[in-house]
Every structure is written in C-alpha cells, then in structure tokens.
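The values are calculated or read from the model by the stated rules, or taken from the named source; none is laboratory data. Small disclaimer: the values here were computed from a predicted structure and weren't measured. Neighbour counts are summed over all protein chains in view; Cβ atoms, including those assigned to glycine, are modelled from backbone coordinates with ideal geometry. Remember, those area values only see protein heavy atoms, side chains included, never the ligands or the DNA or RNA. Shrake-Rupley method; radii C 1.70, N 1.55, O 1.52, S 1.80 Å.
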Amino acid sequence: VYAVDVQPEMIDMLKERLAGKKITNVVPIVGLYHDPRLPDNSCDLILLVDVYHEFSHPVHMLAAMKKALKPGGRLVLVEFRSEDDSVPIKPEHKMSKSQILKELVPNGYKLVREFDGLPWQHMMWFETAPRAEPPTNNQPSK
C-alpha cells in the first residue's frame, strides 16, 4: 500500500501510527503538488477520497497517476456531491458528476462504475482509456 500526502507532517503522523500498530505493508510518500511520486506501473487501485477537488495541478496529477496504474488498474474518486444542497460542505469542496467527467475523460480516463449509495458523496471508478490509434491509409500506392 502506498500512502501519499503533500504535507510532510501528515506523513510523519502516519509513520508514527504505523509503527505503533506494527504495520509494515504501507509505504508513506511525500508527494508533490504536481506529482504523487508513485512508481510507474505499481498500482492496481488509486483511491482519492475528498481530495481531487484540492489539486492545484489536476492534469499533471492525472497523468502521473495514469503512469502509476497497472494494466486494468482503476482510479476511484470519492467527492462530495455539488448537486445536493443538503450536503453540509462548502461549495468549493464539492464536485458534480458532470464536472468530474469533464476533467477525467479528456485526460484519458473512462468511467466504468458508479456507486450512489453514500449519503453525501459520489463514488466513481475510472480505468485508463485506450489511446486512439492514428488512422492508417491502407490504399495501395500507385
């Protein structure tokens, strides 16, 4: 398990908790605002809980996470629903499904699953979309 945060003090706190519970299968990583610093082709699943809306460099982060995903790996986004006024969270900390799709699809992700049973949040699973191959001209040369 890789655990990424951009705040070193949060990683320090995590390390203390892991040591106290003798958990040894978690690798804490101090990420950057534009790069989570995950190894390439290392993740079956990347889970982002109420954090994607905070990214200052979402395009860079999505590209880096795409490189970190193994073939068939998934990115799971959990974000507070902006479509629901009863969710007691500030609007700047919410995202609509359409906003999520407008950001992830152009950056090479395709939606493969949704779960709408959480009380306040969207939960959406994405896989990397296959690259479009350039068209080939199979016409015989003259």
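Data overview
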item	result
The stretch 43-87, Rg to Rh (Cα coordinates; Rh as Kirkwood inverse mean 1/r)	1.06
In sequence order, calculated HN-Hα J values of the stretch 109-115 (Karplus, 6.51, -1.76, 1.60; Hz; x Gly/Pro)	10, 10, 6, 10, 6, 9, 10
Accessible-area ranking of VAL105, VAL30, largest first, probe 1.4 Å	VAL105, VAL30
Filter on LYS67/LYS110; LYS21/LYS67; LYS70/LYS110 - keep pairs with C-alpha separation over 22 Å	LYS21/LYS67
Accessible area in the full protein assembly, largest first, 1.4 Å probe, for VAL26, VAL87, VAL51	VAL51, VAL26, VAL87
GLU92 accessible area, assembled protein chains, probe 1.4 Å, Å²	110
Helix 58-68 axis, angle to the chain major axis (alpha carbon atoms, nearest 10°)	80
Pairwise FRET efficiency - VAL26 versus LEU101, Cβ, R0 = 35 Å, nearest 0.05	0.65
Surface share of carbon and sulfur [accessible, 1.4 angstrom probe, percent] for the stretch 1-102	56
Solvent-accessible area per residue for the chain (1.4 angstrom probe, square angstrom)	67
Accessible area in the full protein assembly, largest first, 1.4 Å probe, for ARG17, ARG37	ARG17, ARG37
Where labels lie 7 Å past Cα in the beta-carbon direction, separation of LEU47 and MET13 in nm	1.8
Cα pair distances of the chain binned at 5 Å [whole percent]	2, 9, 16, 19, 17, 15, 10, 5, 3, 2, 1, 1, 1, 0, 0
Of every Cα-Cα pair in the stretch 27-109, the percent that sits beyond 21 Å	30
Vicinal HN-Hα couplings computed from phi for the stretch 2-16 (Karplus, 6.51 cos²θ - 1.76 cosθ + 1.60; Hz; Gly/Pro x)	9, 10, 10, 8, 8, 9, x, 5, 6, 5, 4, 5, 4, 4, 4
Under Karplus coefficients 6.51, -1.76 and 1.60, residue-wise ³J(HN,Hα) of the stretch 70-80 in Hz, glycine/proline x	6, x, x, x, 10, 9, 10, 10, 10, 9, 4
Theoretical ellipticity at 222 nm over the chain - DSSP helices of four or more residues, -39500 (n - 2.57) apiece, nearest 500	-7000 deg cm²/dmol
